[in-house]
Structure formats: C-alpha cells, structure tokens
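Heads up: the structure comes next, in structure tokens.
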Amino acid sequence: MSLFHTSFPSSGDFSPLFRLLDDYDSHRTSRQPSLRSFSPRFDVRETEEAYHLDGELPGIAQKDIDIEFTDPQTLTVKGRTEREYHAEPQVEIDGDETEQKSDTKSLYRFWASERATGEFQRIFSFPTRVDQDAVKANLKNGILSVVVPKAIASPTKKITVE
C-alpha cells in the first residue's frame with residue numbers, strides 16, 4: 001500500500017519533473033543577475049537581394065540593443081534586459097477593505113521565473129559578401145527585424161598588361 005499518490009504518466013516519462021528541478025536549481029544558483037545570459041530566437045531568411053533576420057526581443061528597449069559588424073561578413077546583435085516589479089503590498093483594513101501600503105518593503109517569493117533576463121548575444125555569419133552600409137533595423141512589438149543586403153557583385157574588369 002502506497003502512502004503517496006503518484007501522478008506521473010504511466011509511460012514513466014519524468015522529463016517534466018527533471019526540467020522543473022533544473023529550472024529551480026538554475027534560478028537558485030544565479031545569485032548575480034549580471035552573470036545571467038540568454039539567446040533570443042531568430043528566424044533567418046535569404047532572398048536574392050538580402051538576408052532577413054527577425055528576432056524575438058519582447059520588453060527590450062531600442063536603446064538596449066547594439067547591432068554591429070565584427071568583420072565584413074559577421075553581424076552581432078547584443079544587449080541586455082532587466083525585469084522590474086512595481087506591485088505594492090496590500091494591507092487589510094476592517095475586514096474587506098484593502099489599502100496600498102507603500103512604506104513597507106515587499107519581498108517576493110517566485111513560484112516561477114521563466115522570462116529571460118540579463119545579457120544576450122547572437123552572431124550571424126553570412127556566406128556571401130554583404131553591403132554593410134545599407135543594413136536596416138527596426139524594432140516593433142518586440143520583434144527586431146534586420147535586413148542585410150547582399151553586396152552587388154562587381155563586374156569583372158580586365159586589366160591589360162603594358
């Protein structure tokens with residue numbers, strides 16, 4: 001007779017439990033937020049004229065994103081984000097009424113912390129020459145869109161020997 005009811009799938013798949021424990025351990029051991037990092041997801045498409053990069057950067061301000069070429073065919077997108085919480089603790093007054101109490105310092109006990117914070121960096125290396133001067137970037141609704149035009153192939157030039 002078992003004293004505890006197990007609610008695990010009959011297939012014996014414990015991966016959700018292990019993932020939860022890993023997430024908890026990662027959250028517990030990350031004492032310094034400056035050391036945290038994440039890798040945003042990007043879709044990368046190629047057309048005849050350009051490379052198109054669309055990345056998810058929800059809640060990140062334009063000023064916190066840096067885009068630069070580290071060499072003629074390598075683009076780096078990097079930045080950082082932090083989360084702020086502005087909830088005021090509530091204090092019960094005379095049974096049903098509640099009042100915001102702003103002079104009390106509130107401590108949060110997280111049940112889950114799944115949103116990415118810290119520094120991020122993605123590096124994209126292009127297989128062909130690109131036109132660095134014509135790159136355009138746009139941040140709208142948490143999606144960073146970068147268009148990197150391909151360099152126009154210069155026509156071959158014949159040099160005569162004198």
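Determine whether residue 130 is in contact (Cβ under 8 Å) with a residue 24 or more places away in the chain, under 21 Å from residue 47 (Cβ atoms) and either touching an Asp or Glu at 6+ places or on another chain (Cβ under 9 Å) or exposed (fewer than 15 other Cβ atoms within 10 Å of the Cβ) (or both). For residue 130, the condition - in contact (Cβ under 8 Å) with a residue 24 or more places away in the chain, under 21 Å from residue 47 (Cβ atoms) and either touching an Asp or Glu at 6+ places or on another chain (Cβ under 9 Å) or exposed (fewer than 15 other Cβ atoms within 10 Å of the Cβ) (or both) - is not met. Of all residue pairs spaced 6 or more apart or on separate chains, those with beta-carbon atoms under 9 Å, a first member in segment 146-162 that is free of Cβ contacts under 8 Å to residues at least 40 places away in the same chain and a second member that is among the acidic types (Asp, Glu) are 151/131; 152/131. Tell me which residues, restricted to segment 135-162, are under 26 Å from the mean Cα position of the chain (by Cα) and either of a type in the set (Lys, Arg) or surrounded by 13 or more Cβ atoms within 10 Å (Cβ to Cβ) (or both). Selection gives 135, 136, 137, 139, 140, 143, 144, 145, 146, 147, 148, 149. Among what's in segment 43-84 and is assigned to a strand (DSSP E or B) and either among the small types (Gly, Ala, Ser) or in contact with a Pro (Cβ under 6 Å, 6 or more places away or on another chain) (or both), pick the residue that is surrounded by the most Cβ atoms within 10 Å (Cβ to Cβ). Step by step, filter segment 43-84, then rank; the result is 55. If only residues of segment 43-86 that are more than 16 Å from residue 143 (Cβ to Cβ) and of a type in the set (Val, Ile, Thr) are counted, the one that is nearest to the chain's Cα centre (by Cα) is 76. Selection of segment 49-69 for residues being modelled with pLDDT of 95 or more and β-branched (Val, Ile, Thr) yields 65, 67.
The values are calculated or read from the model by the stated rules, or taken from the named source; none is laboratory data. This is a predicted model, so every value here is computed, not measured. Neighbour counts run over all protein chains shown; Cβ positions are idealised from the backbone, glycine included.
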